Amino acid sequence: AKEQGRNNFQFYTPDMNFRAGELLMLETELRKAIDEDQLVLHYQPQVHMASGALVGMEALVRWRHPEQGMVSPGDFIPLAEDSGLILPIGVWVLRTACAQNRAWQEMGLPPIRVSVNISARQFRQIELVRTVERILAETGLDPAWLELEITESSIMYDIEAVIQILQELNAMGVRLAIDDFGTGYSSLSYLKRLPVSTLKIDQSFVRDITTDHNDAAIATSVIALARSMGLEVIAEGVEAPEQMAFLQQRGCYRGQGYYFSRPLAVEEFTAWYRRAAV
Ligand code: C2E
Ligand code: CA
Ligand code: CA
Ligand code: CA
């Protein structure tokens with residue numbers, strides 16, 4: 001939480017004790033941020049670790065606040081979820097990421113997937129399916145080049161409704177990934193009913209993968225589970241070559257993390273994409 005800046009408000013986390021007035025001010029600012037184009041997307045490469053080939057990218061939102069500077073999503077996505085502002089933000093993120101991916105393809109770069117985070121609240125709405133359909137039509141992006149990342153906890157919230165929504169998205173040709181896999185409580189018996197194509201190993205298991213036996217065991221089981229179910233698996237938060245080697249030895253070949261690149265602004269990502277695309 002930050003306390004500098006003329007407004008002297010703190011950014012929001014759910015466990016903070018806010019006075020109603022402060023919360024309202026932050027919410028008003030966030031609402032304005034949407035209208036005044038203060039949100040930006042950064043893109044983080046996802047690579048085939050052995051070759052370094054670019055296989056995809058994750059779109060990550062930031063708030064370019066006029067006084068506070070760049071605000072990270074952890075400081076405003078929770079408020080956006082509680083206030084419902086995640087719905088317009090989510091639409092903006094989806095449209096921007098799809099339009100950008102289409103623009104890269106039109107520049108002649110080899111097509112890769114863009115992964116977009118979808119929050120629990122967006123996911124509880126059947127309109128999500130229509131929204132995705134409309135945005136794909138508007139931007140001209142082939143559904144195969146879009147992947148939606150949903151967390152384990154949002155799937156478990158209302159499993160029957162979620163399966164229905166996932167099936168419709170899957171039928172449209174959109175790819176689905178389970179984010180932060182291993183951190184929630186998903187029952188393995190549900191996993192086989194979900195039309196997902198990718199499991200994403202949470203960075204909390206990757207961090208100490210070479211030193212902590214429990215983390216190593218969890219990551220190893222997630223990889224084995226994915227492989228036995230014919231799912232793709234990707235590790236997030238890869239920061240060191242030893243982590244990469246460990247993952248590869250156990251059959252996880254895709255990674256995302258600071259070892260390869262931090263999330264990049266569009267121009268920087270474009271340069272990276274060009275280099276990785278040769
Ligand atoms: P996430 O989906 O788990 O995204 C991965 C986070 O890990 C990102 O943080 C990324 O910058 C960070 N990261 C990537 N590589 C490394 C690494 O090697 N080491 C470490 N320590 N961290 C790494 P970021 O961008 O701050 O996003 C935080 C969270 O905010 C995301 O976690 C996601 O849950 C949420 N978020 C971000 N963008 C969106 C969005 O457009 N919509 C929604 N609903 N949520 C979003
Ligand atoms: Ca994610
Ligand atoms: Ca994650
Ligand atoms: Ca996370």
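The values are calculated or read from the model by the stated rules, or taken from the named source; none is laboratory data. Owing to the predicted nature of the structure, the values given are computational and were not obtained by experimental measurement. All Cβ positions, even for glycine, are placed from backbone atoms using ideal geometry, and neighbour counts span all protein chains on display. These area figures cover heavy atoms from the full protein model, side chains too; ligands, DNA and RNA do not enter into them. Shrake-Rupley method; radii C 1.70, N 1.55, O 1.52, S 1.80 Å.
Applying the criterion of being open to solvent by less than 30 Å² (accessible area, probe 1.4 Å) and either hydroxyl-bearing (Ser, Thr, Tyr) or not in a helix (DSSP H, G or I) (or both) to the residues of segment 264-277, the residue that is farthest from residue 237 (Cα to Cα) is 270. The set of residues from segment 153-172 being touching a Ser or Thr at 6+ places or on another chain (Cβ under 9 Å) and surrounded by 19 or more Cβ atoms within 10 Å (Cβ to Cβ) comprises 154, 155, 162.
Limited to segment 83-121, what total is found for residues that are without any contact (Cβ under 8 Å) to a residue 60 or more places away in the chain, hydroxyl-bearing (Ser, Thr, Tyr) and either in contact with a Pro (Cβ under 8 Å, 6 or more places away or on another chain) or more than 17 Å from residue 31 (Cα to Cα) (or both)? Summing the residues that are without any contact (Cβ under 8 Å) to a residue 60 or more places away in the chain, hydroxyl-bearing (Ser, Thr, Tyr) and either in contact with a Pro (Cβ under 8 Å, 6 or more places away or on another chain) or more than 17 Å from residue 31 (Cα to Cα) (or both) in segment 83-121 gives 2.
Results for (1) in contact with a helix residue (DSSP H, G or I) (Cβ under 8 Å, 6 or more places away or on another chain); (2) among the aliphatic types (A, V, I, L, M); (3) under 20 Å from residue 227 (Cβ atoms), shown as yes or no for each residue.
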| residue | (1), (2), (3) |
| --- | --- |
| 153 | yes, no, no |
| 162 | yes, yes, no |
| 165 | yes, yes, no |
| 170 | no, no, no |
| 176 | yes, yes, yes |
| 190 | yes, no, yes |
| 194 | yes, yes, yes |
| 200 | no, no, yes |
| 205 | yes, no, yes |
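Kindly indicate the residue of segment 236-261 that is open to solvent by 30 Å² or more (accessible area, probe 1.4 Å) and touching a residue at least 60 places away in the same chain (Cβ under 8 Å) and also farthest from the chain's Cα centre (by Cα) among those meeting that condition. Checking each candidate, the answer is 248. Can you tell me which residue in segment 204-230 is nearest to the chain's Cα centre (by Cα), limited to those that are within 15 Å of ligand 3 (Cβ to nearest atom) and open to solvent by 50 Å² or more (accessible area, probe 1.4 Å)? So the residue we want is 207. Checking each residue in segment 129-177 for being within 16 Å of ligand 4 (Cβ to nearest atom) and at pLDDT below 95 picks out 150, 151, 152, 153, 154, 155, 156. Considering (1) surrounded by 13 or more Cβ atoms within 10 Å (Cβ to Cβ); (2) part of a helix (DSSP H, G or I), the lone condition that residue 233 does not fulfil carries the number (2). Of the residues that make up segment 127-136, is at least one open to solvent by 10 Å² or more (accessible area, probe 1.4 Å), out of contact with any helix residue (DSSP H, G or I) (no Cβ under 6 Å at 6 or more places or on another chain) and basic (Lys, Arg)? Within segment 127-136, one or more residues are open to solvent by 10 Å² or more (accessible area, probe 1.4 Å), out of contact with any helix residue (DSSP H, G or I) (no Cβ under 6 Å at 6 or more places or on another chain) and basic (Lys, Arg).
Any residue in segment 175-184 that is in a helix (DSSP H, G or I) and either in contact (Cβ under 8 Å) with a residue 24 or more places away in the chain or open to solvent by less than 40 Å² (accessible area, probe 1.4 Å) (or both)? Give the steps one after another, and end with the answer.
Step one: filter segment 175-184 for residues in a helix (DSSP H, G or I), giving none.
There is no residue in segment 175-184 that is in a helix (DSSP H, G or I) and either in contact (Cβ under 8 Å) with a residue 24 or more places away in the chain or open to solvent by less than 40 Å² (accessible area, probe 1.4 Å) (or both).
Close Cβ contacts (under 9 Å, 6 or more residues apart or on different chains) running from residues in segment 10-32 that are surrounded by fewer than 13 Cβ atoms within 10 Å (Cβ to Cβ) to residues that are at pLDDT 85 or above comprise 14/78; 14/79; 14/81; 14/82; 32/38.
Criterion first (surrounded by fewer than 21 Cβ atoms within 10 Å (Cβ to Cβ), among the aliphatic types (A, V, I, L, M) and in contact with a strand residue (DSSP E or B) (Cβ under 8 Å, 6 or more places away or on another chain)) does residue 188 satisfy it? Answer is no for this residue. Taking every residue in segment 132-161 that is within 11 Å of residue 102 (Cβ to Cβ) and pairing it with any residue that is among the small types (Gly, Ala, Ser) and surrounded by fewer than 21 Cβ atoms within 10 Å (Cβ to Cβ), at least 6 positions away or on another chain, the pairs with Cβ-Cβ distances below 6 Å are 139/99. For residue 160, the conditions (1) assigned to a helix (DSSP H, G or I); (2) under 19 Å from residue 61 (Cβ atoms); (3) of a type in the set (Asp, Glu) are fulfilled apart from (2).
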